């Protein structure tokens with residue numbers, strides 16, 4: 001097959017979704033498919049174009065398996081939803097133009113957010129007369145509305161119209177969990193609900209594997225081998241309740257052997273730093289180069305996944321599988337009965353507590369770090385689970401099968417285009 005892939009991040013950009021789509025593309029290429037990627041110039045780490053990549057709106061490179069076209073992402077202030085929306089719109093439009101290259105395609109795959117990329121991907125699919133598969137990593141605008149970042153009724157209506165319209169024009173919508181599937185299935189016509197499919201993200205169990213905890217990363221942060229690290233690694237935004245980590249550090253300050261580490265960046269980092277400024281047991285580190293990810297993960301004795309109440313039906317933290325692949329235990333503060341809690345239960349990799357509950361979170365931290373043997377056993381169980389269920393090859397095969405299926409029912413050959421409800 002000849003495929004076009006539109007995505008906001010691709011290697012060497014270290015964004016988690018970029019890691020996912022990069023590996024899927026390479027797996028598809030290994031299966032003999034020709035893949036043409038349209039993505040952004042690397043910008044995720046510092047929220048600006050990385051050194052050596054600037055100076056041009058578009059850069060294109062030919063690869064052994066197809067091509068990569070990188071366009072300007074127009075990075076903006078992450079705290080301003082209006083500016084971010086404008087940036088996403090500009091990036092999506094430029095991506096859409098770039099996606100018209102390459103001649104006839106067999107399928108288009110687009111990854112969201114940003115949500116506008118769905119419509120430009122649909123336009124590319126129309127141009128190439130092929131089906132569109134729309135992958136949703138986070139459900140927008142639900143996350144922005146639930147966080148109170150999108151409140152103008154007119155903008156909410158416009159965003160929901162764009163969301164429904166995009167779903168209606170896709171031949172299939174893929175999501176990461178049953179929670180997200182139920183969310184999106186409720187927004188499409190009844191006869192199209194079976195077009196919403198669950199294909200989870202995967203983890204590269206070859207690149208990310210259990211390593212010794214005495215890493216150079218810990219030494220750089222001044223953490224001794226006799227100390228226990230409670231680690232949050234990832235985006236520090238408004239969806240993640242990092243206040244729980246800071247409060248646990250405050251309550252457990254009498255235990256000098258415990259160190260709480262926040263590795264990453266985002267729109268909420270300044271607030272987290274301010275709330276922790278008088279706590280000597282809290283350390284901060286910026287995003288690390290992607291090749292250091294296994295080392296960073298190995299440095300944590302206990303990893304935490306934090307998501308504010310009500311958001312788990314619209315977002316699945318992709319870091320979950322990486323933590324398990326690293327053989328480390330997981331403490332999840334997240335809505336009960338959702339995907340991450342199901343993974344914790346199925347794998348036996350850790351403990352989940354209700355979201356936004358500092359008492360339950362702190363008690364769980366204290367209980368877990370007091371049982372080193374128990375944490376080690378949780379880490380081994382998590383590693384075994386991802387090796388069995390969440391491999392890159394399995395996810396690529398699922399997409400390959402889906403492309404074959406939607407090509408058989410390609411609306412350009414068998415049915416008229418759907419109309420938004």
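For the reader, a short list of remarks on this structure follows.
- Residue match in region 87-101 (condition: at pLDDT below 90, more than 22 Å from residue 235 (Cβ to Cβ), surrounded by fewer than 19 Cβ atoms within 10 Å (Cβ to Cβ) and in contact with a strand residue (DSSP E or B) (Cβ under 9 Å, 6 or more places away or on another chain)): yes
- The set of residues in region 118-129 that are farther than 13 Å from residue 167 by Cβ and either surrounded by fewer than 24 Cβ atoms within 10 Å (Cβ to Cβ) or within 22 Å of the chain's Cα centre (by Cα) (or both) comprises 120, 123, 126, 127, 128, 129.
- Contact annotation: no residue pair with Cβ atoms under 7 Å, 6 or more positions apart or on different chains, pairs a residue in region 117-144 that is not assigned by TED's automatic domain parsing to the domain that holds residue 408 with a partner that is at pLDDT 95 or above.
- Only one entry of 169, 157, 193 meets the criterion of being surrounded by 21 or more Cβ atoms within 10 Å (Cβ to Cβ), modelled with pLDDT of 90 or more, over 23 Å from the mean Cα position of the chain (by Cα) and not assigned by TED's automatic domain parsing to the domain that holds residue 326, and that entry is 169.
- Within region 186-219, the set of residues being closer than 27 Å to residue 389 by Cβ, in a helix (DSSP H, G or I) and touching a strand residue (DSSP E or B) at 6+ places or on another chain (Cβ under 8 Å) comprises 195 only.
- With respect to the conditions (1) under 20 Å from residue 353 (Cα atoms); (2) surrounded by fewer than 20 Cβ atoms within 10 Å (Cβ to Cβ), residue 260 lacks only one, and its number is (2).
- Across region 322-346, the number of residues qualifying as surrounded by fewer than 21 Cβ atoms within 10 Å (Cβ to Cβ) and within 15 Å of residue 383 (Cα to Cα) comes to 2.
- Test: residue in region 243-256 that is over 22 Å from residue 359 (Cβ atoms) and over 16 Å from the mean Cα position of the chain (by Cα): yes
- Among the candidates 275, 267, the residue that is more than 24 Å from residue 374 (Cα to Cα) and either assigned by TED's automatic domain parsing to the domain that holds residue 48 or out of contact with any helix residue (DSSP H, G or I) (no Cβ under 6 Å at 6 or more places or on another chain) (or both) is uniquely 267.
- Taking region 281-356 and the helices (runs of 4 or more DSSP H) fully enclosed by it, the elements with 1 or more residues that are within 19 Å of residue 261 (Cα to Cα) and at pLDDT below 95 are at 293-299, 319-325.
- Matching residues, region 270-280, being under 21 Å from residue 254 (Cβ atoms) and in a helix (DSSP H, G or I): 275
- Search result, residues across region 360-379 that are under 27 Å from the mean Cα position of the chain (by Cα) and in contact (Cβ under 8 Å) with a residue 60 or more places away in the chain: 361, 362, 365, 368, 375, 379
- Residue match in region 207-214 (condition: closer than 30 Å to residue 409 by Cβ, in contact with a helix residue (DSSP H, G or I) (Cβ under 6 Å, 6 or more places away or on another chain) and not assigned by TED's automatic domain parsing to the domain that holds residue 296): no
- So residue 10, is it in a loop (DSSP other than H, G, I, E, B) and within 25 Å of residue 322 (Cβ to Cβ): yes
The values are calculated or read from the model by the stated rules, or taken from the named source; none is laboratory data. As the structure is a computational prediction, the values presented were derived from the model and not from experiment. Cβ atoms come from the backbone with ideal geometry, glycine included; neighbour counts cover every protein chain shown.
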